[in-house]
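Nothing in this text is a laboratory measurement; each read-out follows from the coordinates by a stated rule. This is a predicted model, so every value here is computed, not measured. Note: ideal-geometry Cβ built from the backbone for every residue, glycine included; neighbour counts use all protein chains shown.
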Amino acid sequence: METLQQNVRTTVFEGAKKVFSELPLSEKEIEITQATQEKFGHYQCNSAMKWAKVLKKVPREIAEAVVASMNHEPFEKIEVAGPGFINLTFKNTFLSERINRVAHDPRLGVPPLDQAQKIVVEFSSPNIAKEMHVGHLRSTIIGDALARLFEFLGADVVRLNHVGDWGTAFGMLIAHMREEVPEALSGEKEADLPQLMEWYRASKKRFDEDEEFKKRARGAVVALQGGEEDALKGWEKICEISRKAFEAVYRVLDIHLEERGESFYNPMLPHVVEDLEKKGLITVSEGAKCVFHEGIRIPLMVQKSDGGYNYDTTDMAAMLHRIEEEKADRILIVTDAGQNLHFELIRRTCEQAGYLDPEKVRFDHVPFGVVLGPDGKKFRTRSGETERLVDLLQAAINKADEILVMREEGMDPSQRKELAEILGIDAIKYADLSSNRISDYVFSYERMLRFEGNTAAFILYSYVRIHGIKRKIGEEIDLSSESIVLEHPSEVGLGLHLLRFSEALGSMEQELLPNILTDYLYLLAQKFNLFFRDCRVEGDPAQNRRLLLCELAASVLGQGLQILGIKTVEKM
Ligand code: ARG
């Protein structure tokens with residue numbers, strides 16, 4: 001089913017075709033936006049100015065001519081306003097007919113993507129032998145929401161965890177553990193990530209201070225890169241210990257991804273450098289092989305002067321692999337905005353090398369801002385160390401529980417615990433997703449756990465309430481042959497908004513901003529409240545058809561939350 005916006009676009013285009021002998025704009029280029037204010041109607045067309053420029057006429061006249069030739073059938077009102085905007089208001093009967101189709105559509109009026117698409121979404125990507133930090137939390141939450149969106153839109157989504165599992169640091173760590181804690185390296189003794197980090201710090205200290213150790217560490221790197229069995233085993237053990245800690249976080253967040261770390265691309269690195277050389281893109285600078293780009297001082301460095309490969313080389317190989325082997329139609333990489341320059345260099349180099357053709361493959365680096373503490377500085381714990389993610393998640397759950405103790409007196413403790421686990425994690429996810437991804441955002445348990453405003457609790461509460469209406473009136477009522485009739489302005493307002501679900505998802509899909517969807521859901525909850533205030537449901541002659549509208553509102557809210565990775569509850 002086409003969106004309302006598309007319906008307007010087509011109708012305007014058909015009208016324009018009758019006015020112009022030669023069309024200055026294609027249908028796709030006609031600009032249709034949702035009206036900024038209710039009094040202007042439902043949609044607005046802003047293309048008269050562009051038409052006028054080409055035809056050298058007054059925009060208003062053009063707009064009026066297009067309106068005169070348009071099909072007015074679906075519209076209550078079409079007006080030309082200001083310099084030449086066309087404001088359009090649909091008939092209630094038209095919207096009612098639409099919403100009835102949506103109400104009986106399992107996809108809630110959202111069409112799948114035009115063509116089957118393969119979409120690589122790379123997110124989370126923490127580093128081995130280091131704690132995951134809040135930056136990785138953001139990447140995990142945003143990446144999962146984007147992956148879920150594409151899954152709902154019917155794409156074949158590959159969720160990749162590009163863990164930092166390769167590099168010279170591992171030689172150091174292996175050498176140190178071999179000498180100091182061989183039993184942990186062999187696996188005879190269990191070790192955890194905090195221990196591993198301690199050994200990492202100790203190994204670094206020795207590396208800087210002890211020449212002999214430095215040699216042994218370098219030897220271990222060579223052995224590892226040469227694929228020597230003993231070194232490889234040690235490395236695998238180190239990865240395994242780290243992985244366990246990451247998985248604990250993913251479990252709490254209910255996130256699933258496929259690990260395909262930096263090491264995976266290791267065998268492809270020499271080929272990438274050779275190929276770039278062959279294509280004449282390499283400049284040697286102080287012994288290092290670099291690719292320079294116009295207007296950017298820093299080059300992409302694909303081979304260090306000592307012959308080693310690095311982060312840049314790995315990302316070139318990863319792009320090539322995702323395009324040629326995975327045959328991706330779109331590639332998304334979700335990281336902090338600090339890596340903007342890096343990915344700009346990767347994009348340009350890939351384009352120049354002919355790996356990436358923007359006409360065929362859309363590549364988006366999806367950057368996000370920094371998480372700030374209440375003091376406006378980068379988020380840290382009191383001790384000054386970056387907070388461990390599991391602790392941070394657990395704190396949200398504990399705080400949610402404290403709130404529930406106060407709010408829901410007499411709630412059964414085990415039920416409360418379950419609810420707190422959902423609410424705490426939902427609050428963290430929602431707070432992240434609802435702030436504009438690109439800006440920094442302030443992390444505040446107090447704010448994210450509020451029950452009013454644009455928060456998880458408010459949306460969840462609305463969801464539960466809408467669900468409860470049917471339960472209260474009677475679950476056994478059969479609505480399958482009911483038809484919604486949109487009459488009262490609040491009813492029309494809710495119906496129109498429900499019909500815009502696919503537009504919201506469409507914008508999120510293009511702009512990759514999850515807050516488009518949270519804003520949509522927040523407004524949906526508000527529109528529902530207005531409807532429920534103004535239109536009686538229970539006992540009204542319109543009871544059943546209004547119940548159907550309630551049900552659709554609950555389904556859209558539930559589907560929206562599902563896309564965001566926010567868990568719902570039936571009761572609260
Ligand atoms: N491991 C990196 C970090 O923690 C993120 C990796 C991002 N992805 C990539 N393809 N470079 O900063």
At the level of C-alpha centres, the distance separating the stretch 394-463 and the stretch 338-371, in angstrom, is 35 Å
Given 497-510, 33-46, 160-173, the highest-first ranking by average Cβ count within 10 Å works out to 160-173, 497-510, 33-46
In terms of the Cα gyration tensor, with a ≥ b ≥ c the square roots of its eigenvalues, is the stretch 170-243 rounded because a/c is under 1.5, prolate because a/b exceeds b/c, or oblate? oblate
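Just add up the charged neighbours of ASN544: K/R +1, D/E -1, any other residue whose Cβ is under 10 Å from the Cβ of ASN544.
Once positives and negatives cancel, what remains is -1.
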Mind listing the long-range amide H neighbours of LEU372? Cut-off is under 5 Å, sequence gap 5 or more, other chains count too, H placed in the peptide plane at 1.01 Å from N. PHE379, TYR441, VAL442, PHE443
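As a quick test, which of the pairs LYS399/LYS571; LYS130/LYS377; LYS429/LYS571; LYS130/LYS189; LYS289/LYS377; LYS50/LYS77 have an alpha carbon distance above 27 angstrom in this structure?
Values: LYS399/LYS571 20 Å; LYS130/LYS377 22 Å; LYS429/LYS571 20 Å; LYS130/LYS189 20 Å; LYS289/LYS377 37 Å; LYS50/LYS77 23 Å.
Where the Cα-Cα span goes over 27 Å, the pairs concerned are LYS289/LYS377.
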Collect residues whose amide H, placed 1.01 Å from N in the peptide plane, falls under 5 Å from the amide H of THR335; neighbours closer than 5 in sequence don't count. VAL366, PHE368
Cα lying deepest toward the dipole's positive end in the stretch 354-462, options SER444, VAL371, ILE425, charges on Cβ: VAL371
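About the Cα centre of the stretch 115-254, what is the dipole size in debye to 20, counting +1 per Lys and Arg Cβ and -1 per Asp and Glu Cβ, all else neutral? If you can, show how the numbers build up before the last one.
Working: 20 positive and 25 negative charges, 76 e Å.
That gives a dipole near 360 debye.
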Would you give the gap between the C-alpha center of the stretch 188-234 and the C-alpha center of the stretch 240-284, rounded to a whole Å? 20 Å
How big is the dipole moment of the chain about its Cα centre under a simple scheme where the beta carbon of each Lys and Arg is +1, that of each Asp and Glu is -1, and everything else is neutral? Debye, nearest 20, please. 1360 debye
Taking amide hydrogens as modeled 1.01 Å from N in the peptide plane, which residues meet the under 5 Å criterion relative to GLN303, leaving out close sequence neighbours? LYS289
What trypsin sites (Lys or Arg not before Pro) does the stretch 71-100 have in DSSP loop regions with at most 16 other beta carbons within 10 Å? LYS91
If we sort 365-372, 468-475 on the protection proxy, mean other Cβ atoms within 10 Å, highest first, what's the order? 365-372, 468-475
Between the stretch 1-42 and the stretch 78-157, what is the C-alpha centre distance in whole Å? 21 Å
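Hey, got the dipole for the stretch 213-333? About the Cα centre, +1 on K and R Cβ, -1 on D and E Cβ, debye to the nearest 20? Don't jump to the answer; show the numbers that get you there.
Values: 18 positive and 22 negative charges, 101 e Å.
With Lys and Arg at +1 and Asp and Glu at -1, about 480 debye.
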If you filter the stretch 294-362 for trypsin sites (Lys or Arg not before Pro), then keep DSSP loop positions with at most 11 other Cβ within 10 Å, what is left? LYS327, LYS360
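Where a ≥ b ≥ c are the square roots of the eigenvalues of the C-alpha gyration tensor, would you call the stretch 432-552 rounded, which needs a/c under 1.5, or, failing that, prolate if a/b is larger than b/c, or oblate?
Here the stretch 432-552 falls in the prolate category.
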Suppose the Debye formula is applied to equal point scatterers at every Cα of the chain; what is log10 I(q)/I(0) at q = 0.05, 0.07, 0.08 Å⁻¹? -0.29, -0.54, -0.69
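Among TYR311, TYR265, which comes first, then next, by fewest other beta-carbon atoms within 10 Å? Don't skip to the answer; put the middle values down first.
Values: TYR311 15, TYR265 22.
Exposure proxy ranking, most exposed first: TYR311, TYR265.
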Which percent, to the nearest 5, of DSSP beta bridges fully inside the stretch 268-396 are antiparallel? 55 percent
If you restrict to DSSP beta bridges whose two residues both lie in the chain, what percentage is antiparallel, to the nearest 5? 50 percent
